[in-house]
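Reading through the structure tokens given below for one structure.
The values are calculated or read from the model by the stated rules, or taken from the named source; none is laboratory data. Bear in mind the structure is a predicted one, so any value in this text is a computation, not a measurement. All Cβ positions, glycine included, derive from the backbone under ideal geometry; neighbour counts span all protein chains shown. Ligands, DNA and RNA are excluded from the accessible area calculation, which covers all protein heavy atoms including side chains. Shrake-Rupley method; radii C 1.70, N 1.55, O 1.52, S 1.80 Å.
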Amino acid sequence: MQMKTADIMKLKEFAEQVGLSPTTVSRALGGYPEVRQETRERVMEAARRLGYRPNANAVRLVTGRAGAIGVVMGRSGGGHFFSEFMGGMAARLEGQETDILVSVAIDNNLDEELAIFNRLAASGKVDGIVVHSPRPADERVALLNRLGVPFIVHGRSKTSFPHAWLDIDNRDVTYRPTMHFLERGHRRIALINGPKGRTFVNDREQGFTDALSEYGLSPDPKLMMNEHFSEETAFRFARALLEQPSRPTAFVAGAMMTAQGVYRAATQLGLVIGKDVSVIAHDDVFPYLTPESMLPPLSTTRSSMRMAGMRVTELLLQIISGRPIQECQELWPVELILRQSTGSAS
């Protein structure tokens, strides 16, 4: 208890120098939205001038916060998508005296995730939770509503339980590329999609089929793949299709790495990307894999996973501070950027 008392005194001493209460100082440093901007700037300037860095335990005693946000990661590590998203979270939390608490679960094991959320809520170790890869009727959303834990969904669930969310327009991720191909004479268009059962996968399939229906076409199940995104699975799928006499002339790929698989399959068969086979992929904006570096440069729909991580974290901090969840629901548009991987049907 002596250490905690000393920590509080340090906070009180700094607050006295600033001329504010310890609670106001803690809330200003913690990014609480109800603190006026001029007050926040005044506290931050004083902290820099005096070299004050709040002790996490002292801040938690004053604010009642745990000082952590919970995230559940699959044992496979989540791949490039998860690392970019986490990088965005870390960037937003820099200097916030808030940590990221990562719990590991068996991939796609709903029961284990539910058990982790129950444990986190009971322990009080986190102030809020980020939910990834939602399902249409997501039991995690229902559970967190019952537990009363602040949370936000990266994506959207169709559940009746109200929840905060940030999502991209996944219908447009496939609708716009498919329409682009159809307008240029393509009729045999293949879709490389994610695993069934996820909301974003359903939305992307809907965008693909909606575009086809506008041209009086029905989707061919043989031209549609549902798997976890990887170059190898996309390569095998594309290779099998491109070896057929009635091969597809265009691919809508769900991720950059799946586009790489299509490129490799086409190259092995002596087909030219942009001439014999057209490709548009969704780009989550990875610094180490860019569409401009592919040969030929890849046409994409674009949305930054890192920026999503930053914004999801910002919204969750606001929810923790009392902002209504109905005000924390954002749908981000995607842009279609055409490069040399697309052409008219031959």
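Confirm whether residue 287 is out of contact with any Leu (no Cβ under 8 Å at 6 or more places or on another chain), open to solvent by 20 Å² or more (accessible area, probe 1.4 Å), modelled with pLDDT of 95 or more and on the phi < 0 side of the Ramachandran plot.
For residue 287, the condition - out of contact with any Leu (no Cβ under 8 Å at 6 or more places or on another chain), open to solvent by 20 Å² or more (accessible area, probe 1.4 Å), modelled with pLDDT of 95 or more and on the phi < 0 side of the Ramachandran plot - is not met.
Residues of the range 178-194 being touching a helix residue (DSSP H, G or I) at 6+ places or on another chain (Cβ under 7 Å) and open to solvent by less than 20 Å² (accessible area, probe 1.4 Å), which ones?
Those that are touching a helix residue (DSSP H, G or I) at 6+ places or on another chain (Cβ under 7 Å) and open to solvent by less than 20 Å² (accessible area, probe 1.4 Å): 178, 182, 189, 190, 191, 192, 193, 194.
Within the range 238-258, restricting attention to residues that are in contact with a Pro (Cβ under 8 Å, 6 or more places away or on another chain) and assigned to a helix (DSSP H, G or I), which residue is farthest from residue 170 (Cα to Cα)?
Only one residue fits best here, namely 242.
Looking at 235, 229 in this structure, which one is more than 16 Å from residue 175 (Cα to Cα) and part of a loop (DSSP other than H, G, I, E, B)?
Selected residue: 229, the only one of 235, 229 that is more than 16 Å from residue 175 (Cα to Cα) and part of a loop (DSSP other than H, G, I, E, B).
If I ask for residues that are touching a strand residue (DSSP E or B) at 6+ places or on another chain (Cβ under 8 Å), among the charged types (D, E, K, R) and within 25 Å of residue 27 (Cα to Cα), which ones from the range 288-329 would you list?
311
Somewhere in the range 216-230, is a residue of a type in the set (Asp, Glu), over 20 Å from residue 206 (Cα atoms) and open to solvent by 10 Å² or more (accessible area, probe 1.4 Å)?
no
Those residues that are in contact with a strand residue (DSSP E or B) (Cβ under 9 Å, 6 or more places away or on another chain) and either among the charged types (D, E, K, R) or farther than 17 Å from residue 207 by Cβ (or both), I need them from the range 248-264; list them, please.
Correct list: 248, 249, 256, 257, 259, 260, 261, 262, 263.
How about the range 312-330: which of its residues are buried (at least 20 other Cβ atoms within 10 Å of the Cβ) and of a type outside the set (A, V, I, L, M, F, W, C)?
Residues satisfying the conditions are 313, 318.
I'm checking my understanding of the structure. Among residues of the range 14-57 that are touching a Ser or Thr at 6+ places or on another chain (Cβ under 8 Å) and small (Gly, Ala, Ser), which one is modelled with the highest pLDDT?
Ranking the candidates gives 15 first.
Please specify each residue of the range 130-141 satisfying the condition of being in a helix (DSSP H, G or I) and open to solvent by less than 10 Å² (accessible area, probe 1.4 Å).
If the condition is that a residue be in a helix (DSSP H, G or I) and open to solvent by less than 10 Å² (accessible area, probe 1.4 Å), then 140, 141 are the ones that fit.
Determine which member of the set 210, 203 is farther than 30 Å from residue 318 by Cα and either of a type outside the set (Phe, Trp, Tyr) or not in a helix (DSSP H, G or I) (or both).
210
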